[in-house]
Amino acid sequence: MIDMKRQRKTNILFLFPSMTGVLCFFVFPLCYCLLFSFSRTFGRFQFAWFDNYISLFRSETFRLALWNTCLLLIIYLAALYLLAIGTVYLLNRSNRTIAFLCVISISMFLPPALITNCVQELPILQNIAPPVMFGLIYLWKHIGINALILKSAQNMMPKEWSEAAVIDGANKWRAFLAMDMPYLMPHLKFLYIFNIICFFRMFRESYLLYGLYPPDSVYLIQNFFFNNFQNLNYQRLSIGAVLVIVMLLVLHGIVFRKGTKHEMV
């Protein structure tokens, strides 16, 4: 019992720096933003109920950025999942496949400036619509790492399961849906978080391609935040951040709750 108490104190001691960092650089700023999202002025609190939120939703710029972000995020994530799962289904289980996917994954680590310069220099890409261009860059950068993670997880699945399914008369597609997909579900949930983070990081490519004010079809919430930050409109920035965090928390809850039901126990 004494050893367990000492171990617990030691664990708390090692966790203390991380907990302090999270409290100082995440929890406190978030609470500060939430507090002043209900204030009439920034820096001196004057309670304003929901007037700030109503004013923000009346802004056409914010509605456009929020709509584009939700729409493009759903489309890009769906396309990325379909391509990654299709790649896993088509490729065989072998070390050569893993090596091939590792090579493809290098595109994720290329500098954004190099990618945008290549896109601007290719004549075939000059007349493509901005949402399509943005989507092609996003898929090209992240299809490799998604397929690599899923394929590595599939290789860890016992081969006897697939062999038993074949003996029972199931074809490759039915065996993949009934056995591989439930096994891959926890990894799909991890990739969901990872891909959302990567989507919001695509602001760098958007800025290099289109500047501060991109076309309306690719004006995202990142552009809205950046422009309000430059204009020192911190109150709108705080309100927008709170709304986006709430929406992401609701979306995360739905995805994780639905995904858990389909996992292989």
Quiz item: Among Val22, Val244, Val218, which one moves the most in a GNM of the chain with springs linking Cα atoms closer than 10 Å?
Solution: Val22
Self-check item: Exposure proxy order (Cβ contacts within 10 Å, fewest to most) of Phe199, Phe194, Phe26
Solution: Phe26, Phe194, Phe199
Quiz item: Once every DSSP H run of n ≥ 4 in the chain is given -39500 (n - 2.57) and the sum is divided by its residues, what mean residue ellipticity at 222 nm do you get, rounded to the nearest 500 deg cm²/dmol?
Solution: -24000 deg cm²/dmol
Exercise. Would you order Leu209, Leu13 from fewest to most other beta-carbon atoms within 10 Å of each residue's own beta-carbon?
Key: Leu13, Leu209
Quiz item: So how much slack lies between Trp67 and Ile98, counting 0.36 nm per residue of separation and subtracting their Cα-Cα distance, in nm?
Solution: 7.4 nm
Quiz item: Which one of Asn233, Asn11, Asn95 has the biggest mean-square fluctuation once the chain is modelled by GNM with Cα springs under 10 Å?
Solution: Asn11
Self-check item: Phi-based couplings in Hz for region 194-211 (Karplus 6.51, -1.76, 1.60; Gly and Pro marked x)
Solution: 4, 6, 5, 4, 5, 5, 6, 6, 6, 4, 4, 5, 4, 5, 5, 7, 10, x
Practice problem: With a cut-off of 19 Å, note down the residues of region 75-113 whose backbone N falls inside the zone around a label point 7 Å from the Cα of Leu208 toward its beta carbon. | Solution: 104-113
Quiz prompt | Per-residue ³J(HN,Hα) for region 177-186, Karplus 6.51 cos²θ - 1.76 cosθ + 1.60, θ = phi - 60°, Hz, x for Gly and Pro | solution = 5, 7, 10, 6, 5, x, 5, 8, 4, x
Quiz item: With the chain treated as a Gaussian network of Cα nodes joined by springs under 10 Å, which of Leu212, Leu91, Leu122 yields the largest mean-square fluctuation?
Solution: Leu122
Quiz item: Taking N as the number of residues in region 77-164, what is its Cα Rg relative to 2.2 N^0.38 Å?
Solution: 1.31
Exercise. Using the charge dipole of the chain (Lys, Arg: +1 at Cβ; Asp, Glu: -1 at Cβ; taken about the Cα centre), state which of Phe57, Ile193, Ala165 has its Cα farthest towards the positive end.
Key: Ile193
Quiz item: Can you pull the semi-axes for the chain, root of five times each eigenvalue of the Cα gyration tensor, sorted largest first, whole Å?
Solution: 38, 29, 18
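Coordinate-derived values only; no laboratory data. Remember, it's a predicted structure, so these values are computed and weren't measured experimentally. In this analysis, Cβ positions are derived from the backbone assuming ideal geometry, glycine residues included, and neighbour counts consider all displayed protein chains.
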